[in-house]
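Reading through the structure tokens given below for one structure.
The values are calculated or read from the model by the stated rules, or taken from the named source; none is laboratory data. Note that the structure is a prediction, hence the values are computed from the model and not measured. Every residue, glycine as well, gets a Cβ built from its backbone with ideal geometry; the counts of neighbours run over all protein chains shown. To get the accessible areas, we keep the full protein, side chains included, count just its heavy atoms, and leave off ligands, DNA and RNA. Shrake-Rupley method; radii C 1.70, N 1.55, O 1.52, S 1.80 Å.
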Amino acid sequence: MNRPIFEIIHYKPKYAKQTVQMWRDSKEKAIRQKEMHSFENHIYFLNHILPKQYQINLAFIDKQVVGIAAYNDSEISQLYIHVDYQGMGIGKVLLDKVKAQSNGRLTLRTFEVNKNAQQFYEKNGFRIIGRGCENEENLPDIKYEWIDK
């Protein structure tokens with residue numbers, strides 16, 4: 001399979017609509033549940049809430065947002081790849097960038113129904129450290145941890 005050429009940039013609000021649409025589409029496919037927040041509230045969250053605690057990077061192909069990673073030095077809050085671009089290495093590049101900027105330990109949560117995410121994280125060195133239901137969707141989730149060796 002040919003790997004697409006993409007670039008990683010820091011998030012800018014001018015990409016909000018495109019980013020939120022990609023994020024919502026990817027999440028809805030992954031968890032088979034409609035987004036509970038309005039599109040406008042999701043944009044507000046992306047522009048005003050998320051950046052207070054997390055750095056946000058976007059992956060682009062041909063001026064189209066195809067991925068997002070929101071993280072700090074110890075946690076990944078969001079990592080989504082456009083449904084048409086999954087399995088092409090974009091998520092791994094974003095994840096490797098997050099790992100490189102981490103303090104050597106990362107945690108994240110993913111939904112139990114999202115088997116693709118579980119396989120992705122486990123293949124990339126994360127291990128399960130807990131289970132629960134700590135999300136607004138009220139879905140069972142899995143807490144993962146990665147420790148640099």
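Points to keep in mind about this one:
- Per residue value of the accessible surface for segment 1-55 (all protein chains in place, 1.4 Å probe), Å²: 70
- The coefficient of translational diffusion for segment 58-139, derived via Stokes-Einstein from the alpha carbon Kirkwood radius under 20 °C and 1.002 mPa s, stands at 158 µm²/s.
- Annotation for Asp73 and Glu137: the two label points, set 7 Å from Cα along the Cα-Cβ direction, are 3.0 nm apart.
- D (Stokes-Einstein, µm²/s), Kirkwood Cα radius, segment 1-99, 1.567 mPa s at 4 °C: 95
- Segment 55-149, accessible surface, carbon-and-sulfur percent (1.4 angstrom probe): 44
- Neighbour net charge for Ile9 - beta-carbon separation under 14 angstrom, K R +1, D E -1: +2
- For the residues Lys12, Lys27, Lys52, a GNM of the chain with alpha-carbon springs under 10 Å puts the largest fluctuation on Lys52.
- The residues of segment 60-149 expose, per residue, 51 Å² of accessible area to a 1.4 Å probe.
- Shape of segment 84-123, Cα gyration tensor, a/c cut at 1.5: oblate
- Lys-Lys pairs in segment 44-149 that are eight or more residues apart or on separate chains and whose Cα atoms lie under 27 Å of each other come to 25.
- Measuring r between the beta carbons of His37 and Ile8 and using R0 = 35 Å, the FRET efficiency lands at 0.85.
- Where GluC sites (Glu not before Pro) in DSSP loops with at most 12 other Cβ within 10 Å are excluded, longest remaining stretch of the chain: 1-133
- Taking Cα centre as origin and charging only the Cβ of basic (Lys, Arg, +1) and acidic (Asp, Glu, -1) residues, the dipole magnitude of segment 1-141 rounds to 280 debye.
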